[in-house]
Amino acid sequence: MSETAAAPTANDAAAKYRERMRSTTEQRAKGSGYAPAPNRLMGGSIPNQPDGARLIAAPRAHPRGDLAWERARVAAHLTEPGAGSKDLTKPGRETRMAVASNPASRPESAHRRAAEAALARPIRQSARMDYAAASRGQAQSYIAPHPTDQFNWIRLLVTSFLVVAMMTGGVYVFLNRTDQGQFLLASWGRNADAGAYSRLGSKLMSEGSVPGAVRAFEIALSQDSQNLATLLDLGGAYEANDQFDRAELAYRRAISLYLTASAPYQRVIALYQMQDKQWEAMQCMQYAFDQTGDEAFSQMLAQARPDYPRVSALGGVYATPITVELSTNLNDAVIRYTLDGSDPYVGDIYTKGIYLDERDESYTLRAVTFVDGRVSSEQKQTYTIRTAAPKMPESNLKPGTYDTARTLALRAEKDCVIYYTTDGSPATVDSKVFEPGTMITLRRSSATTVRAIAVALNGKVSNEMSIRYVCGGTVKTSLLEKDTFDKLTLFTTTRAQFIKRFGAPESVVPGGSDALGTYSVLYYPFGYAVFREAEDPDASVLAELSVSDDSIKGPRGVTVGMTLSDAMALFRDEGGEDDGNGNRVLYSFISGTAEGNMGLLQRVGGDEYEAHYYTKLARDYIELAVYAKDGTVNRLEWLRYRAPESQ
C-alpha cells in the first residue's frame, strides 16, 4: 500500500469520529435523554420498537471500534518501501514537513501515541445505547462499558467522609463563630456568649414570654456582670414579671457601676413613680442630678416638687420677740419644721404660730411641705432676737430712817419676776420670789438692806436694786450668857450639885468626847444632862441639858408646853423675811460687841419648827434650841460647845 493511499483512510476515520460525536451532542441537546433497557443484557426488548427489535451486538459507534484497522494501517505504513531507509530519529526539514502535513508519516512511537490519544475514550464514560441508530429505526447496539468505568467504592467512602467532615466543620464554625449560630445555641439552652442570651431575652420579651426572658437576661448577666444594657434589660424584665424589688436592685447595681450614666436613674425614678413612691423618686432625681449634672433631672425634680412653705416674717434681727407663721396653698399638705438648723424632714409638725423669744443663739428655721408622698424644696430663714434688759425693780417705800417698823412692796416691768433678799446678801434667781400683792416687813430696831432684781421671760436680768432702811421700835434682847436654866450655869454647875438638886439619875452612860474633853450622860425622867468629866467625877461640870417636860424652866421662863410664838416673843425678833420655806433670820449681829449673836427659825417639815438662839463667847458658843410641833413647844435644849474654827 502506498503512502498516498493510506492517508485518506486515516482522515476518513477521524471524520467519521467527529461526525458521530456531533450526532451524539445534537441528540442530547434535543433532549432525547438516556433510556436504558430494562436490563443491560444483550438481546433485551426495547419498548416502542418494531417487533423483533433486539439489542444486537454491533461494532461500537466510536473510532476506537476501528482500532485494529488503524493499527494495521500504521504497521503497513511503516513497512512501505523507503520507510526504513529514513532516519526518523534525525529527520531533515523535508521529513519534518511531511510528518506535519501527513499524520501517517510520523514515527511509529509518536504516531501511536497521537492515535491512541485521539481515539482514547473519555474517562468514566458509562455504557450507553446508540440512540442515533435507534432513531433511524435501525437495530440498537449496546456500547459495552470500558474496563475503567467500574464503580470505585473506596473513592465514594473517602469522598463521603470528606463531605461529612467539611459539613461538620462548617456547622461548628457557624454555631461558634457567628451571631446567628450563638443565638441558636442560646435558644437550645446550650453554652453561648452573653450577647446571644441578651438577644434571646429581647426576642422573648417581644414575644411576651417574660419568665423566659428573665432567665435569658440572668444568664447573660452571669457571663458579663458589668454590662449596662444587660442590667437595664434585666430590670425591665423583672418589672414586667412584677418583681419590683429585684428590678430596683438591678437598676441600683447599674448606678453603682455607671454613676454618670442617666439611663439607670431614669429607670429607678420611673419604677418609684409607678409604685407611688414619690419621696424616693424625688430623692433619686436629686441624686441623679448631683452625679450626672443632667439638667433633665433638675427639671424633673422641679416639676415633681410641691410649693415650699411661706413665712409671715422674713429672717433678720428683731428687738422684740416675734411669732412666725407658716402656710401653704395645697390641700391636705403637712408642714414640718425645725428651729435649730437640723433636717426638717423629721422635724415637728406645724400646727400654730412659732414664738421666737430672745436667746443667745439665733434661730435657724427650716421647713418643707409634704403632700401625696412628695416633698417640697426647703424654706430656710435665720432670726436673731436681741431685746433690752428689763429695768431694775422699784420699791414703794423711799429709803431712810423710820421710828417704827415698816412694810414695803416691789414692782417691775410686765412679765418680769422679782427676786429679793433682806439680809444684805446679793439677789439671784435662787433668792426669794416677790409675789405681787404681798408686803415685805422690815426689821424693828435695826437696819435692813433690801436687794432685788427683775428677770424677763427671755432670761434677761435687770440691774440690782439695793435700798437700806432703819426702823425704830422696842425689841427683846438676844440670848445672853447670863440667861440660865433655873439657876444652873453651864461649865459651872458640878455633877454633885446637880444630883443634890434633882436626885440620883436613872442611868449613866458614856457621852463621847470632843475638843473640850470626855463626857458622860445622866438620864432623868425629865430628860438628860451631859457633864464634862474631871478626875473627880463629882467635880464634872454641866455641859448640856435637855428637858422634855415643864418641871424645869428655861432661860427667861420658856417652858415645855407653851406656844412657839410666845416662846419666840421672849427673845429678839427683828421680823426678818421668810425664804418661802418657813425659814427666816430672827436677828443677826455682824459687828460690834454682839458680833456673832444670831437667831434663826427653821422649818423641819410639816408643822415642826426649831428656833435656835446663839451667843458667842470668847472661844465657845452657848445655844438655846426650842423645838415645837403643831405650834407647841415639846422640848428645850441648852448647851455650850466650842466652834470648829476656834478649836
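The values are calculated or read from the model by the stated rules, or taken from the named source; none is laboratory data. Here the structure is a predicted model, which means the values were calculated and not measured. All Cβ positions, glycine included, derive from the backbone under ideal geometry; neighbour counts span all protein chains shown. Accessible surface is based on the protein model in full, side chains and every heavy atom, while ligands, DNA and RNA are left aside. Shrake-Rupley method; radii C 1.70, N 1.55, O 1.52, S 1.80 Å.
Accessible area per residue was computed with a 1.4 Å probe on protein heavy atoms; Tyr519 scores about 20 Å². If R0 equals 45 Å, the separation of the Cβ atoms of Asp332 and Ala296 corresponds to a calculated FRET efficiency of about 0.95. With a Förster radius of 35 Å applied to the beta-carbon distance between Ser262 and Tyr318, the computed FRET efficiency rounds to 0.15. Straight Cα distances below 20 angstrom link Lys460 to the lysines Lys391, Lys414, Lys432, with same-chain residues fewer than 8 positions distant left out. Normalised by the number of residues in the range 278-419, the mean separation of alpha-carbon contacts (under 8 Å, six or more apart) gives a relative contact order of 23 percent. Each residue, Arg635 and Asp536, gets one label point 7 Å from its Cα in the Cβ direction; the gap between the two is 3.4 nm. Protein-only accessible surface at a 1.4 angstrom probe places the residues Ser262, Ser546 in the order Ser262, Ser546, largest first. Counting Lys and Arg as +1 and Asp and Glu as -1 over every other residue whose Cβ lies under 15 Å from the Cβ of Lys352, the net charge comes to -1. The stretch between Ser362 and Arg619 holds 86.7 nm of extra length on full extension. This uses 0.36 nm per residue minus the Cα-Cα distance.
Annotation: Asp423 carries an accessible surface of approximately 90 Å², with a 1.4 Å probe and no ligand, DNA or RNA atoms counted. Between Lys414 and Val429, the simple label model (points 7 Å from Cα in the Cβ direction) yields a spacing of 2.3 nm. Projected label points at Asn176 and Gln226, each 7 Å from Cα along the beta carbon direction, are separated by 2.7 nanometres.
Across Lys414, Lys398, Lys203, the residue with the most accessible area heads the list, and the full order at a 1.4 Å probe is Lys414, Lys398, Lys203. Between the range 592-621 and the range 545-561, the alpha-carbon centres lie 18 Å apart. Computed from the alpha carbon atoms alone, the convex hull of the range 180-286 holds 88 Å³ per residue. Note on surface exposure: Leu231, Leu184 rank Leu184, Leu231 by accessible area, highest first, 1.4 Å probe.
If a paramagnetic tag sat 7 Å from the Cα of Glu394 along the Cα-Cβ line, which residues of the range 454-480 would have the backbone N under 11 Å from that point? So the set is empty, nothing qualifies. Electrostatic bookkeeping for Ser362 treats Lys and Arg as +1 and Asp and Glu as -1; over the other residues with beta carbon under 15 Å from its beta carbon, the sum is -1. Counting only other residues whose beta carbon sits under 11 Å from that of Thr428, what net charge do I get with K and R as +1, D and E as -1? Overall, the nearby charge balance is 0.
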